[in-house]
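**Student:** Questions regarding the structure given below will be posed in turn.
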C-alpha cells in the first residue's frame, strides 16, 4: 500500500454513482462516456508521478477525482491509509495547481498564498511567516504586494504553486501547469517545480501531455490512453521498454517496421527482403508478423561493422541544430535516423543510396495485433 | 573658413490630416449634441432680463425644485436597488445554478426585449393590469374581495411608477450581470474549495469582491437610467408626479417657472447628476474588466 | 459539479412570472373590449383608425431616415478610428457616451432653445429657424434620433469591426490591389452585416415608439398618437402595447439570431 492509493477507479459520465462499469451503457439514449476505466495506482510517499497521455485520455479526470472535484463512479481513493473517496473537496488537504493559474484577482500575492490558512482560521502570525517562507521557496520574496494582473504567466504559476503548498498538503496535484506558458519558461519552471518537490519531499501527481516534461521530472510515469493505463514505469523504462504499441508511439519518435519472423530462436527477422537480428529470442512463431521498433537515436548512418545493416535511399535531411535528422526510405517504410551534429559531418544528399546500421539490442519487438 | 561639419536638418514635422476623416462625425455631434447642451449651459446663467447671473443655481435649492430632485433621486435609487438585487439573483440563478441552457437563453433574450420596452407602451401595459379597471385589480376585487385602490394602492403614484420602472431596470441588470457571472472562472471556485474554503467563504472572500465593481457599477447605471426617464413617467402619471424630467417638460410647454433660466439650470443639474453616474459606472467597469479578464 | 439548485429554479420561476404577468394581463385586457366576451374588437378598432396608420407610417419613415443617416455617419467613422486614427478613439467613445448623460428630454430642450433662432455666423443669416419649417423640424427629429441611437449603433459597429480584425483585412485587400471604395463595399460591409442589422433594428425599436422628442418637436409620430389615444380610450392602447411589444420581440429575435455565433451580445437601449 502506498501513500496515495487509487483502487479500481472507474469514472463514467452520465450515470449514477455506484453504477458498475458493465451496466453503464447508455443513459436516455446518449451513450455513457467512460472517462476512466480500471485505474489502479500506488504512489509512494515523496514520489513524483506523472500522468501522461493525449487529450481526452482521462488523466485530468483522474487527477480531479483525487482532489475531490469529481466523484469516481466506483472505486476507492486513500491518502495515508485513510479513505477519502467520500470526503468533500475542501476537507481533503490536497494542494492543486491549475492550468489557468486560478489566482484570485482581487487579492495580492500574499493574500492569495495565505488564503488557505485564512479560511481555516490559523493565527495571523503563523500565516504571515508561512507566506514569507513560501515566497522565498518560489524565489519571489518581494512580490507580496503585487496583484495577479501585474505578473507574467510564469510568475502567476509560481504563486499558484506557493498557494497550494502553503496549506502543507499531504499530496500536491498539478494539472498541466505549464501548458499555457512559453517554451523557454516551461523548461525553467519544470525544473523549479521538481526542485521544490524534492526539497519538501511532497507526494506529487503531475498531469501533462508533454512527454519531455513527464520524462524529465518524474520518478515514475503513468501512460494513459482512452481512460486506461497503458504502462507504469520509470522514465527510462517507459522510453526504452514500452509494453504496448501506443506507449512506444506516444513517447518519443519511433520507427516501426512490420517484419516477418524468420527464426524465433535466433531472433532473425526479415523486412523488405533484408534480414536483421534482434537482441533476444522471440516469443512469436516462425512466419508470424511482428512490429520491430527502433529509436532514431540508436540508428547509425553508414555501414557499421558487426551490426545489423539495412539499405535504403535518403529521402530528406533536416538540420535541427544539435541533431541531424535523416529520413531514409526502406521499402514501404520511411525510417527516421537522428545523428548528433559534428562539425566534420558532410550532410548526405537526397537520393543517395545509404546504409542504416543498428545493434541487435536496439530492436524492440511487439506482437502486431 | 568653410565649415565642413555636417549640416543637420531636423526632420520636418509630418502634419497628419487623417483626423479630417472624423470631421462629419464631429460636426454632427457638435451641432446636435454639444451645441444644444452648451446652449442650455449659457441659458442657465441668464436671468429674465438677459443679464448674466448665477442666481438660477442658487434658486435650485428652493423647496419646489429640491422636492423634484429628491423625488427623482428617490425613485431612481429605489428602482436601482430593487432592480439590482433581484436582477442579480435572477442572473445568478440563470448562470450559476445549473438550470438548463435553453432556460437561460430564453430569459436573457426576453430581458433584451424587456429592457427596450419602455415608454408609452410599457405604461399602458401596466395601466391594463394595475389601473383602476385593470386585470389584476379586478382579480383582487372579484376573486379575493380585496379592493386594492381602497387600501391605498395607486398605480399613478410613486409606488406604481416604481413597479413600472422595475420592468426595464431588472432586465438591464440581468443583461449586464449574466456575462459578468459567466466570466467568473470555474477554477477560482475549485481552487478555493481545494484550499479548504466553504461555499460561504468563497463568496465572502472571492466571489462577491470580484463581482462587486460590476454590481455597484450596474446599479449606478440603473440609477442614471431611471433618473433620465421621461416618457414612461409622463405616459403613466401625466405630470402628477413632480419628477425633474416632468418639470423640465412642463417648463418647455409653458413658462411654469416664470424664469426660463431656472429651467435651464434644472436641466444642467440633471446633466451633472447623470455625468457623475456614468463616470462612476465607467470607472467601476474598468476595474472589473481588469479582474475578469 | 453541476447539481441543479432548488433556489435557482425558484428565482427563475418568479422572474418568469414577473415578466409574463404584465404582458398576459395587458393581452387579456385588450381582449375585453366587447363586454362579456373575448374578442379582437380593440385590435380592429385600433387598426381602423386612419391616424394610427398615418402616424405609424411617419414614424417608420423617420426610423428609416435615422438608420440611413446613422450608418452613413457611424460606419465610416468607426472604420476610420480603427484603421487610421486610433488615438482619437477615447474622444469618439466619450462622445458616444454623452447621450447617456444628456437624455432625450434634455436633448430636445437644448435643441429647441438653440434652433428656434435663425442660424447665423458672424452677422450673416445662413438659414431661418429650423423649428419654423416642417422640413427643418423633421431634420431635427432625425438628428435627435441619430444622437439617441448613437451609443448602440457605434458599439455594434465597433464590436463588429473588432471581431473581423479590420486592419489585417484592409492590408490584405490593399496588397491585392483594391482601392478604398472596393475595400469598404466588398470586404468590410459584407462582414459587418450582423452588426449593421443589429444596430438598425435597435434604432428602429428606439424610434418607432419614441415620445419625448416627437412630442416636444410637435411631430405627427406614433409615440404621441399612442399617448393621446391613452387619454381617451382604454382598450385600444392596451392592444397597441401588445402589438408594440410583439414588434420589439421580433426585432430583438432577429438581432439575436443574426448575431449568434459572431460573438454578438444582446444590445440594450434602456429607459426613455
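**Student:** Which FRET efficiency value, to the nearest 0.05, is calculated for residue A:45 and residue A:122 with the Förster distance at 22 angstrom and r the Cβ-Cβ distance?
**Tutor:** Computed FRET efficiency for residue A:45 and residue A:122: 0.35.
**Student:** Springs between alpha-carbon pairs under 10 angstrom, Gaussian network model over chain A: which of A:331, A:116, A:306 fluctuates most?
**Tutor:** A:306
**Student:** Determine the relative contact order of the stretch C:40-258: mean sequence separation of Cα pairs under 8 Å and six or more apart, normalised by residue count, in whole percent.
**Tutor:** 31
**Student:** Under the definition of Cα pairs under 8 Å and six or more residues apart, what whole-number percent is the relative contact order of chain B?
**Tutor:** Details: 300 pairs, mean separation 87.1, N = 293.
Dividing the mean separation by the residue count of chain B yields 30 percent.
**Student:** Shifting gears a bit: Compute the projected area of the convex hull of the Cα atoms of the stretch C:40-258, averaged over all viewing directions, and report it in nm² to one decimal place.
**Tutor:** Average projection, Cα convex hull of the stretch C:40-258: 15.2 nm².
**Student:** What residue among B:30, B:38, B:126 shows peak mean-square fluctuation when chain B is described by a Gaussian network model with Cα springs under 10 Å?
**Tutor:** Most flexible of the set in this elastic network: B:30.
**Student:** Then there's this: Hey, with R₀ at 60 Å, roughly what FRET efficiency would residue B:255 and residue A:195 work out to, going by the Cβ-Cβ distance, to 0.05?
**Tutor:** 0.15
**Student:** Sticking with this structure for a sec: Per residue of B:138-147, count partner chain C-beta atoms within 10 Å of its C-beta, then hand back the mean as an integer.
**Tutor:** Across the residues of B:138-147, the mean count of other-chain Cβ atoms within 10 Å is 1.
**Student:** Kindly identify the protein assembly as shown as rounded, prolate or oblate by the Cα gyration tensor criterion: order the square roots of the eigenvalues as a ≥ b ≥ c, call it rounded if a/c is under 1.5, otherwise compare a/b with b/c, prolate if a/b is larger, else oblate.
**Tutor:** prolate
**Student:** Going by the alpha-carbon gyration tensor, a ≥ b ≥ c the square roots of its eigenvalues, is the stretch B:127-173 rounded (a/c under 1.5) or, if a/c is not under 1.5, prolate (a/b greater than b/c) versus oblate?
**Tutor:** prolate
**Student:** Per residue of A:145-151, what is the mean number of Cβ atoms on other protein chains within 10 angstrom of that residue's Cβ?
**Tutor:** 1
**Student:** Counting only the backbone N, which residues of the stretch B:139-156 are under 20 Å from the spot 7 Å out from the Cα of residue C:18 toward its beta-carbon?
**Tutor:** Answer for this model: B:154-156.
**Student:** Would you calculate, for chain A, the mean residue ellipticity at 222 nm contributed by helices, counting each DSSP H stretch of 4 or more residues as -39,500 (n - 2.57) and dividing by all residues, to the nearest 500?
**Tutor:** -7000 deg cm²/dmol
**Student:** Could you work out how far apart the two model spin labels at residue A:285 and residue B:55 are, taking each label as a point 7 Å from the Cα in the direction of the beta carbon, and quote it in nm?
**Tutor:** Simple spin-label model gives 11.8 nm for this pair.
**Student:** Over all directions, what mean area does the Cα convex hull of the stretch A:304-369 project, stated in square nanometres?
**Tutor:** With every direction weighted equally, the projected area is 5.7 nm².
**Student:** For chain C, what does the helix formula give at 222 nm: sum of -39500 (n - 2.57) over DSSP H segments with n ≥ 4, over the residue count, nearest 500 deg cm²/dmol?
**Tutor:** Counting only the DSSP helices, I get -23500 deg cm²/dmol.
**Student:** For chain B, what is the mean residue ellipticity at 222 nm derived from helices alone (per DSSP H run of n ≥ 4: -39500 (n - 2.57); sum divided by total residues; nearest 500 deg cm²/dmol)?
**Tutor:** Taking each H run of at least 4 residues, the total per residue is -21500 deg cm²/dmol.
**Student:** Which one of B:240, B:198, B:16 has the biggest mean-square fluctuation once chain B is modelled by GNM with Cα springs under 10 Å?
**Tutor:** B:16
**Student:** Counting partner chain Cβ atoms within 10 Å of every residue's Cβ in B:104-112, what's the average?
**Tutor:** Mean shielding count: 5.
**Student:** Calculate the FRET efficiency for residue A:355 and residue B:101 from the Cβ-Cβ distance with a Förster distance of 51 Å, rounded to the nearest 0.05.
**Tutor:** 0.25
**Student:** Once you sort the root eigenvalues of the Cα gyration tensor of the stretch A:17-165 as a ≥ b ≥ c, which label holds: rounded (a/c under 1.5), prolate (a/b larger than b/c) or oblate (the other case)? Mind showing how you got there, number by number?
**Tutor:** On the way: a/c = 2.39, a/b = 1.99, b/c = 1.20.
Taking the square roots of the gyration eigenvalues as a ≥ b ≥ c, the stretch A:17-165 is prolate.
**Student:** If packing is taken as the average number of other Cβ atoms within 10 Å across a peptide's residues, how do C:199-205, A:255-261, C:234-240, C:127-133 rank, most packed first?
**Tutor:** My ranking of the peptides, most packed first, is C:234-240, C:199-205, A:255-261, C:127-133.
**Student:** Continuing with the same structure: Tell me, in nm to one decimal, what length is gained between residue B:141 and residue B:186 on full extension, where the rule is 0.36 nm per residue of separation less the Cα-Cα distance?
**Tutor:** Result for the pair: 11.2 nm of gain on full extension.
**Student:** If packing is taken as the average number of other Cβ atoms within 10 Å across a peptide's residues, how do C:46-59, A:34-47 rank, most packed first?
**Tutor:** A:34-47, C:46-59
**Student:** Right, something else. How high is the relative contact order of chain A, in percent, counting Cα pairs under 8 Å that sit 6 or more residues apart?
**Tutor:** 15
Here, each number is a calculation from the coordinates, and none is a lab measurement. These numbers come from a predicted model, not from an experiment. With ideal geometry, Cβ positions are generated from the backbone for all residues, glycine too; neighbour counts draw on all protein chains shown.
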